[in-house]
Structures are given as structure tokens and as C-alpha cells.
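Worksheet for the structure shown next.
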Amino acid sequence: MDFAFVSGNPALDLAGTVGSRRDNPVDLLATPADLERWVTECDELPDDVTADDATFEAALSVREALYRLALDRVLGRSFDPGSLALVNHTAAGPVPVMTLGDAGVELSGDLRAALTHVARSGITLLADRDACLKECGRAGCTRIYVDRSRGARRTWCGMDECGNRVKAAAYRARRRAASA
Ligand SMILES: [Zn+2]
């Protein structure tokens, strides 16, 4: 399965590597190699990182903590202290090296540095009281995204991921109703 980078923030995209969290969780990061691929595909992160078992497990723990904090934010409740501690600890790690070039900014570093960047990015977002965090409107998706649309009227995590699926299902339902 392909990774989606539709949440508007790498911390939320990482949290979104588990889909259908409430009904039937699907984890796209089954092995350290999956995590390496996710980091490479994420535009904001260094390429060519390697994941050993320990950093892989650490990444999964940070992912779950980031998801919990994002959900706390969506539901308007206080942050879970254990998740806060883990994300804050991760954010205090070594940061990637940032280089400006004509093509833009490039980050380089290992997986630890990538995780630090993701945690810091998540912290900046979660601390922003003006950021509009939402859970996707498709039943069962559970992906959390930042709605930066005018008037905050976005309903889906992504059109390809969910919006078109919901619209197609509604269309099929109308056709069934019309032919019945
Ligand atoms: Zn969705």
C-alpha cells in the first residue's frame, strides 16, 4: 500500500500510517524497511536513513504518542501526560542538518534526527491554537489533518484517499435507490 502525505504535517502523516484505528487498524509500518521508505517518501525528511530494530520500535512509540496528542487536541481535552513526555523527549534529540539550495531546503541526518524533526514539527502544530485539526469525515478513516482551507470547510483527509470514495459510494447508493 502507498503512503499518503495529505495531513499537512509530517507528525500527522506519521500518525496516519495506521489506518482505520477504531474499527480495524491497518499498520503500514510493519517492518523497519517500511519506516525507511516512509522517511524517504516524506518530503520534509532526510533520504536514505536506516532503521534498526531499536529505532523502529522508538519510532512506533513516538507515532502513537503523536496520534494520542493530536486526538486530544481534536477532542479538546488535556494532553495525555505520558504521550507528552515521550514527544518532548524525542524533540530534544539531535536535529537534521538543514541546507538551502536553489531547489529549496534539504535535510540530512539519520533516523533519530528525522524523528526529532517530526516530533518538533508536531509540537509546533499542536501548540498553535489557530491551527484547525480535524478527523477525516469518512467513517472509519480516523486520519487527522490540518484544515488550512478558507473558512475551514475541508471534510476529507484527501480527495484520492477518502473524498472520492465517499462520493462514489453515494453515487452508487443513489443509482441503487433509483433502480429499485
Ligand atoms: Zn480520510
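Just so you know, all these numbers are worked out from the coordinates, no wet-lab data involved. Bear in mind that the values here come from a model prediction, so they are computed numbers and not experimental data. Heads up, the Cβs are rebuilt from the backbone with ideal geometry, glycines too, and the neighbour counts pull from every protein chain shown.
Considering the Cα trace of the chain, what is its radius of gyration and what is Dmax, both in angstroms?
Gyration radius and largest Cα-Cα distance of the chain: 17.6, 62 Å.
Starting at the first residue of the range 44-56, write each ³J(HN,Hα) from the Karplus equation 6.51 cos²θ - 1.76 cosθ + 1.60 with θ = phi - 60°, in whole Hz, x for Gly and Pro.
Here the 3J(HN,Hα) series is 7, 10, x, 8, 6, 8, 10, 10, 8, 4, 5, 5, 4 Hz.
For the range 81-92, just list the computed ³J(HN,Hα) in residue order, Karplus coefficients 6.51, -1.76 and 1.60, θ = phi - 60°, integers in Hz, with x standing in for Gly and Pro.
x, x, 5, 4, 4, 5, 5, 4, 4, 5, 5, 8
Can you compute the charge dipole magnitude of the range 69-147 about its Cα centre, using +1 on each Lys and Arg Cβ and -1 on each Asp and Glu Cβ, nothing else charged? Give it in debye, rounded to the nearest 20.
280
Counting only residues 5 or more places away or on other chains, whose amide H sits under 5 Å from the amide H of G137 once H atoms are built in the peptide plane?
W156, C157
Output the relative contact order of the chain, whole-number percent, from Cα pairs under 8 angstrom with separation of 6+ residues.
24
Counting only trypsin sites (Lys or Arg not before Pro) that sit in a DSSP loop (anything but H, G, I, E, B) with at most 10 other Cβ atoms within 10 Å, what is the longest stretch of the chain containing none of them?
That gives 23-76 as the longest site-free run.
Across the range 7-21, in residue order, what do the Karplus-derived ³J(HN,Hα) couplings come to in whole Hz, using 6.51 cos²θ - 1.76 cosθ + 1.60 with θ = phi - 60° and x for Gly and Pro?
7, x, 6, x, 5, 6, 5, 5, 4, x, 6, 9, x, 6, 4
Could you work out how far the C-alpha centroid of the range 53-88 sits from that of the range 96-112, in angstrom?
25
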